[in-house]
């Protein structure tokens, strides 16, 4: 994933951009960068790795290193950015969010057509933001180039560009899978992935870009360079997992959605008469917690935290990069509260179940500390497809997904013809998959939120929400 933020102001914009980018730190853990424009200095740029240190510690001296009335910055879970580019469109800084699935084909086509070149990285890969810039530079204007890039890219690309005149161009991805918003203040305008990031800086809501919409902002206002398209497919995981609790997308707050989502799961369990004899409802921290609060409020079962994550030294769950080390760190974080575990029947809600590796270790940890039963609920449907639009599941193969691997064990490849049945708990196949995962991960019971339930909790028309990872319909 990743996030970006930019400010065009009548005053210095660097400090506002620093804070705005920092408020996107929950969206990525690999690279971060900032670029600024000053009419005397021109374009400047700084990039740092943030794998072992948060953004703010790497950029805390930015006011001594950079100045300008316009600035952009990003948190990236992929390549180093923003990049500084010099082309037929001028000199500019660019950062992107998304994923390009056909990069090899685009590179081959670009190189054979123009005789151009890219800076190669380890394993001969190229920076995806550089590839986006190369596609943009095929045309004679930024608007035409961005539209062309988004048409030829298979995947998703939201784009933020700081021009050498201080104006900022922002483009929401073609189908609006990710948000891009404009904020306004007396001294200028801003562009952001997260709305709360600019509200904390004194900006107020101006508008949310539509799918594929392109705008150019300055300190005095903004101009629409390309109007929004009609088709929208915003990612449902923004609400169930990625989004910060204070975030709003398409007018729907993340925390409120998660309470509603948990409420619906509790209603489903009550109607089915399952998991009614529970001592505590708990969330798998942190993103599972609000779903669990909604479940507890609806069920009447007390909410509790039987274990606490120790985050002062390991604040982020994504790191380190090695899976074995991540599992060890996840285990080291978990500090039990024995009075809330010993002899108790616990129901946990997690934001999703992808591979199940860390979840199995969490359940074993609870049983080792005296839990009588551990029931599990997933706040989203079974994940059947690795995400090809935002790379949410990070799976190199669909068989890494616990739902898919379990189906393979139960029925072989024949089972993949019946994924809809396996997703549905009321079918024989659905019940068998859930029971098999229970045995594998040592759950007393397991269920997943239904597709209809999560769409209801989000509160948008089903046709406006991307559900590819659950039903293959993007």
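The values are calculated or read from the model by the stated rules, or taken from the named source; none is laboratory data. As the structure is a prediction and not an experimental result, all values here were calculated from the model. Positions of Cβ are generated from backbone atoms using ideal geometry, with glycine treated the same way; all protein chains shown enter the neighbour counts.
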Against the condition in contact with a strand residue (DSSP E or B) (Cβ under 8 Å, 6 or more places away or on another chain) and in a strand (DSSP E or B), how does residue 68 come out, does it pass? no
Check residue 319 against each of (1) touching a helix residue (DSSP H, G or I) at 6+ places or on another chain (Cβ under 9 Å); (2) modelled with pLDDT under 95; (3) assigned to a helix (DSSP H, G or I) and name the one condition it does not meet. (3)
In region 71-85, anything crowded, with 20+ Cβ neighbours inside 10 Å, in contact with a helix residue (DSSP H, G or I) (Cβ under 7 Å, 6 or more places away or on another chain) and not in a strand (DSSP E or B) is listed as 79, 81
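Quickly run through region 122-148 and pick out the residues that are part of a helix (DSSP H, G or I) and under 22 Å from the mean Cα position of the chain (by Cα). It would help to see each step written out before you state the result.
Taking region 122-148 as the starting set, the residues that turn out to be part of a helix (DSSP H, G or I) are 122-124, 128-136, 142-148.
If the condition is that a residue be part of a helix (DSSP H, G or I) and under 22 Å from the mean Cα position of the chain (by Cα), then 128, 129, 130, 131, 132 are the ones that fit.
Might you let me know whether region 381-398 holds any residue that is surrounded by fewer than 19 Cβ atoms within 10 Å (Cβ to Cβ) and within 22 Å of residue 362 (Cα to Cα)? Can you show your working first?
Looking only at region 381-398, we keep the residues that are surrounded by fewer than 19 Cβ atoms within 10 Å (Cβ to Cβ), and these are 388, 391, 394-398.
Retained after the next criterion (residues that are within 22 Å of residue 362 (Cα to Cα)): 394-395.
Yes, that holds for at least one residue.
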Residue in region 5-14 that is part of a strand (DSSP E or B), within 20 Å of the chain's Cα centre (by Cα) and either crowded, with 20+ Cβ neighbours inside 10 Å or not assigned by TED's automatic domain parsing to the domain that holds residue 134 (or both) present: yes
Condition met for residue 18 (farther than 26 Å from residue 234 by Cα and either in a loop (DSSP other than H, G, I, E, B) or in contact with a helix residue (DSSP H, G or I) (Cβ under 8 Å, 6 or more places away or on another chain) (or both)): yes
Inside region 205-236, can you point out the residues that are closer than 22 Å to residue 388 by Cα and either assigned to a strand (DSSP E or B) or more than 25 Å from the chain's Cα centre (by Cα) (or both)? 234, 235
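Of all residues in region 30-39, which are surrounded by fewer than 24 Cβ atoms within 10 Å (Cβ to Cβ) and in contact (Cβ under 8 Å) with a residue 60 or more places away in the chain?
Of region 30-39, the ones surrounded by fewer than 24 Cβ atoms within 10 Å (Cβ to Cβ) are 30-31, 38-39.
Selection gives 39 alone.
What residue, of 233, 309, is touching a strand residue (DSSP E or B) at 6+ places or on another chain (Cβ under 7 Å) and closer than 28 Å to residue 344 by Cα? Let's see the steps before the verdict.
Details: 233 fails: closer than 28 Å to residue 344 by Cα.
Step by step, each of 233, 309 is checked, and only 309 is touching a strand residue (DSSP E or B) at 6+ places or on another chain (Cβ under 7 Å) and closer than 28 Å to residue 344 by Cα.
So how many residues does region 90-105 have that are in contact with a helix residue (DSSP H, G or I) (Cβ under 7 Å, 6 or more places away or on another chain) and touching a residue at least 40 places away in the same chain (Cβ under 8 Å)?
First, pick out the residues of region 90-105 that are in contact with a helix residue (DSSP H, G or I) (Cβ under 7 Å, 6 or more places away or on another chain): 94-96, 100, 103.
From what is left, the residues that are touching a residue at least 40 places away in the same chain (Cβ under 8 Å) are 94-96, 100.
So the answer is 4.
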Scan region 186-198 for residues that are in contact with a strand residue (DSSP E or B) (Cβ under 7 Å, 6 or more places away or on another chain) and not in a loop (DSSP other than H, G, I, E, B) and jot them down. 188, 189, 190, 191, 192, 195, 197, 198
Quick one: in region 422-449, of everything that is more than 29 Å from residue 365 (Cβ to Cβ) and surrounded by 16 or more Cβ atoms within 10 Å (Cβ to Cβ), which residue is nearest to the chain's Cα centre (by Cα)? 424
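Restricting to helices (runs of 4 or more DSSP H) lying wholly in region 398-459: which have 3 or more residues that are free of Cβ contacts under 8 Å to residues at least 12 places away in the same chain, over 18 Å from residue 473 (Cβ atoms) and out of contact with any helix residue (DSSP H, G or I) (no Cβ under 8 Å at 6 or more places or on another chain)? Reasoning before the result, please.
Working: elements: 402-411, 419-423, 428-441, 451-458.
Result: 428-441.
Could you list, in sequence order, all residues of region 30-60 that are assigned to a loop (DSSP other than H, G, I, E, B), out of contact with any helix residue (DSSP H, G or I) (no Cβ under 9 Å at 6 or more places or on another chain) and closer than 15 Å to residue 82 by Cα?
The first filter runs over region 30-60 and keeps only residues assigned to a loop (DSSP other than H, G, I, E, B), leaving 30, 39-41, 50-54, 59-60.
Add one more test, that the residue is out of contact with any helix residue (DSSP H, G or I) (no Cβ under 9 Å at 6 or more places or on another chain), and what stays is 30, 39-41, 51-53.
30, the sole residue that qualifies.
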